[in-house]
Amino acid sequence: MSVLNRRALLAGAALPLIAIGSRPARAVEFTLKLANNSPITHPQSIRQQEAADRIKAATNGAVEIQLFPNNQLGSDTDMLSQLRSGAIDFFTLSGLILSTLVPAASINGIGFAFKDYDTVWKAMDGKLGAHVRSEIGKRGLIAFDNIWDNGFRQITSSSRPIKLPADLKGFKIRVPVSPLWTSMFTALGASPISINFAEVYSALQTKIAEGQENPLTLIQIAKLYEVQKYCSMTSHMWDGFWMLGNAKGFAALPKDAQAIIAREFNAAAFKERADIAALNGSVAADLKAKGLEFVEVDKPAFRDALKTAGFYAEWKKKYGDEAWAILEGEVGTLS
């Protein structure tokens, strides 16, 4: 644990939290760190703080979880390293970024695999999510049952509306530094440029890139509408945040504390999902009011283009037959 009194650990391990909870409130025995990369005002941070408050109350003050939002403890890569070493105890991270350590974790980002949120939650709360959590567990980490929502990603452009795959031919689009993104947009005929998010606004402003892709909430928060004209509702990838924990540190907690933490983190994930769903509607209206022109697209055409280009066959080999069979069992045949 990041800050843990050795004597308290021994006492806590021997004394269930139920017993602790039956006594008057007492000093904190376990102080744990929870980090994320979201602003303090983002639903993820708000719901995590609420969960931390409920955990402290349910353990009668014995377990205190301190929230460090907005990359306070470093970059995603830095914080993942800290989580693995035990310097921090919990961390929410996109599966697409976690894939640098756990390759299977990016499978939810396969292009045009999920048609809607019902399909996403059925898969990620079901067999596909269970498979990814199992792979995460092999790396000295734990992933709590319910993944948090980051949203479907949409394409924005300053030069032309994107309606069909042909509209992406030669299109200079900024993508995160990730093989999955580069592979997908190359297969669609675009010219992907890998740029860190901190440099996206300036890259769009100076026309280094014509467009980019992100969830609507991030397009709003980063004010990308100031340097983009069109927003194509491709929903080409869905992205979520796994609530991760250091497996060794979590196992050192009393069983009652583990159960309370898991219960509250999972409950908070459902609340954050509802927050994002509500926010998406209002964000779209706000972006339209700010001048961003929304474009409907032919999603099946993009999916067919990826299949023809061999994108799905390529990634089936990378993920393996077992994982791919689970994915197609949830979303239908891709390859």
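Between Ser85 and Lys299, the FRET efficiency from the beta-carbon distance, with R0 = 45 Å, is close to 0.60. Both the radius of gyration and Dmax for region 222-319 are 20.2, 54 Å, in that order, over alpha-carbon atoms.
Every Cα-Cα pair of region 122-213 was included, and the share exceeding 18 Å stands at 56 percent. As a rough footprinting exposure proxy, the listed residues Leu32, Leu180 were ranked by other beta carbons within 10 Å of their own, and the order from fewest upward is Leu180, Leu32.
Projecting the Cα atoms of Tyr230, Phe241, Leu218 onto the charge dipole of the chain (Cβ charges, centred on the Cα centre) puts Phe241 farthest toward the positive pole.
Can you compute the equivalent ellipsoid semi-axes for region 75-117, i.e. the square root of 5 times each eigenvalue of the Cα gyration tensor, sorted largest first and rounded to whole Å? Let's see the in-between values first.
Details: eigenvalues 127, 20, 11 Å².
After diagonalising the Cα gyration tensor, the semi-axes are 25, 10, 7 Å.
Semi-axis lengths, largest first, of the ellipsoid equivalent to region 215-257 are 40, 12, 7 Å, with √(5λ) applied to each eigenvalue of the Cα gyration tensor. Taking the number of Cβ atoms within 10 Å of each Cβ as an exposure proxy, the fewest-first ranking of Phe144, Phe90 is Phe144, Phe90. Between the alpha-carbon centers of region 212-261 and region 66-110, tell me the distance in whole angstrom. Each part reduced to its Cα centre gives a spacing of 10 Å.
FYI, it's all coordinate maths here, none of it is from the lab. Just so you know, these numbers come straight off a predicted model, no measurement behind them. Note that we place each Cβ from the backbone using ideal geometry, even for glycine, and neighbour counts take in every protein chain shown.
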